[in-house]
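Here is the structure we will look at.
All of the numbers you see were taken from the coordinates with simple rules; none came from a lab. Since this is a predicted model, take the numbers as computed values, not measurements. Using ideal geometry, Cβ is built from the backbone for each residue, glycine included, and neighbour counts are taken over all protein chains shown.
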Amino acid sequence: MTALSAEERDVVGTVRTFVGREVRPVVRELEHADTYPEALIGRMKELGVFGLAVPEPWGEAPVSMPCYAMVTAELARGWMSLAGAMGGHTVVTKLLVAFGTREQQDRWLPRMATGEVRATMALTEPGGGSDLQAMRTVARRDGEGYVVDGAKTWITNARRSQLIALLCKTDPEAQPRHRGVSVLLVEHGPGLTVSRDLPKLGYKGVESCELAFDGYRAPADAVLGGIEGRGFAQMMTGLETGRIQVAARALGVGQAAFDDALRYAQDRESFGRPIWQHQAVGNLLADMATSLTAARQLVLYAAERYETGQRCDMEAGMAKLFASETAMKVALDAIRVHGGHGYSTEFDVERYFRDAPLMIVGEGTNEIQRDVIARQLVARGGLD
Ligand SMILES: Cc1cc2nc3c(=O)[nH]c(=O)nc-3n(C[C@H](O)[C@H](O)[C@H](O)COP(=O)(O)OP(=O)(O)OC[C@H]3O[C@@H](n4cnc5c(N)ncnc54)[C@H](O)[C@@H]3O)c2cc1C
């Protein structure tokens, strides 16, 4: 496995320092007030986090996928919501770089690199997120452009993102159904209403919204890449990045829970000794660290395959599946180690426990990941 370059280690180190100095001291207050982290997002823009995937000539040299994953994990170690704020943005960046027309790239990427423009992706509909081909949002040709009608839900960062990569049907009658799907690059305007910010268990501070399209007009050149019917395949490629990102978020949350548990187990005493010396607690710590180390290797493996241009849908799925289930278990075990304090909102472990389930559900549920993995195992004739 290729190690990060010295420059990339510096990038990860800079983000780790930012998290330690600027995020951790304020995260509990922001979380419990459910406050949008304006200042922290501003600092992430200054640090170049929103431009990590934007290549020249629109940005500076992008970092590798393993580096991007480690930056994501560091942010999530401080606050998962911050990692979430740049997740969809990076997927849309990758979509534009890989599939955008030169005009679309010139128009969006320079401002996305600085974070002046933030981007999100809108896939999920009220009727369901797993069966994307059954989506009902339709963009119909009308004169020079499209008229969009439909609804999306759970779209994170939608209110504050100027660019929305909208997955919709440009040909609802197409067979197979995915051939009628396109990605439209849309902006806020008449006919698009952000109707509601959804209340959430965790992932506080950043908004996840319902979007209603009612006679929304998009220009003809809004179709990603300029050719209709390619959106499903484009988005599936984008989701490889998304799943590595979500896996890395899970890694960060799990790592934070483990760090807190390890520290607490050395500080807290019972029966005359630090609790880690009780075998039951020591075993929890050993299992947490072992699972996290395995999860980290899976995330880096998937990222490495992505970086070398190999197919990595199965590997990204495995990383996302294992890292998110690990984060959930580690967060619960961190609560066990903290005893009553683990249930207190004055400690951070309760937040990890509320944040971890999102990585099980988001970017394709873990049931869907298992489906992807099983299909690929059969298609590839087993493991390499
Ligand atoms: C906080 C949050 C933020 C989100 N942000 C975004 C965002 O920015 N953009 C976006 O587009 N979406 C976003 N989502 C939506 C998320 O991607 C979906 O919730 C997820 O894909 C599942 O879709 P669903 O909720 O409609 O569940 P459903 O598709 O209704 O699934 C319900 C259950 O059935 C299972 N299931 C369904 N089909 C199968 C199958 N074939 N095999 C086995 N099991 C199956 C699922 O695994 C799940 O357990 C977000 C969700 C949350 C909670």
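Hey, can you rank 160-173, 224-237 by average C-beta count inside 10 Å, highest first? Can you show the working numbers first?
Working: 160-173: 20.6, 224-237: 19.0.
Listed from highest to lowest mean packing, they are 160-173, 224-237.
Which angle from 0 to 90°, rounded to the nearest 10, does the C-alpha axis of helix 102-114 make with the longest principal axis of the chain?
30
Hey, what did the stretch 302-384 get for relative contact order, percent, Cα under 8 Å, at least 6 apart? Could you put the intermediate results ahead of the total?
On the way: 63 pairs, mean separation 28.2, N = 83.
Relative contact order, the stretch 302-384: 34 percent.
Specify the angular offset, from 0 to 90 degrees and rounded to the nearest 10, of the alpha carbon long axis of helix 313-338 from the longest principal axis of the alpha carbons in the chain.
40
Name the residues whose placed amide hydrogens come within less than 5 Å of the amide hydrogen of TYR216, ignoring near sequence neighbours (fewer than 5 apart) on the same chain.
Sorted by chain and number, the residues that satisfy this are VAL148.
Under 8 Å for C-alpha pairs, at least 6 residues apart: give me the relative contact order for the stretch 232-380, rounded to a whole percent.
Numbers: 186 pairs, mean separation 49.0, N = 149.
Once divided by the residue count of the stretch 232-380, the mean separation gives 33 percent.
Tell me which lysines have Cα within less than 28 Å of LYS329's Cα, excluding those fewer than 8 residues away on the same chain?
LYS200, LYS204, LYS320
Would you please classify the overall shape of the chain from the alpha carbon gyration tensor, given that a ≥ b ≥ c denote the square roots of the eigenvalues, rounded means a/c under 1.5, and beyond that prolate means a/b larger than b/c while oblate covers the rest? Numbers along the way, then the final one.
On the way: a/c = 1.80, a/b = 1.68, b/c = 1.07.
Verdict is prolate for the chain.
Let me have the relative contact order for the chain, percent, based on Cα pairs under 8 Å that are six or more residues apart. Present the calculation step by step, with values, prior to reporting the outcome.
Numbers: 705 pairs, mean separation 63.5, N = 384.
For the chain, the relative contact order is 17 percent.
Between the helical axis of 279-307 and the dominant principal axis of the chain, each derived from Cα atoms, what acute angle in degrees is found, rounded to the nearest 10?
Once rounded, the angle reads 30 degrees.
Apply the Karplus curve 6.51 cos²θ - 1.76 cosθ + 1.60, θ = phi - 60°, to the phi angles in the stretch 58-68 and return the couplings in whole Hz, x for Gly and Pro.
8, x, 8, 4, x, 7, 6, 4, x, 5, 4
Sorting check: for 262-272, 6-16, 310-320, which peptide has the highest mean count of neighbouring beta carbons within 10 Å, and how do the rest follow?
Numbers: 262-272: 12.7, 6-16: 15.4, 310-320: 23.5.
Result, highest mean first: 310-320, 6-16, 262-272.
Efficiency by 1/(1 + (r/R0)^6): what FRET value for ALA61 and MET236, r their Cβ-Cβ distance, R0 = 30 Å, to the nearest 0.05? Please report the intermediate quantities before stating the final value.
Working: r = 27 Å, r/R0 = 0.89.
Efficiency, from the Cβ-Cβ distance: 0.65.
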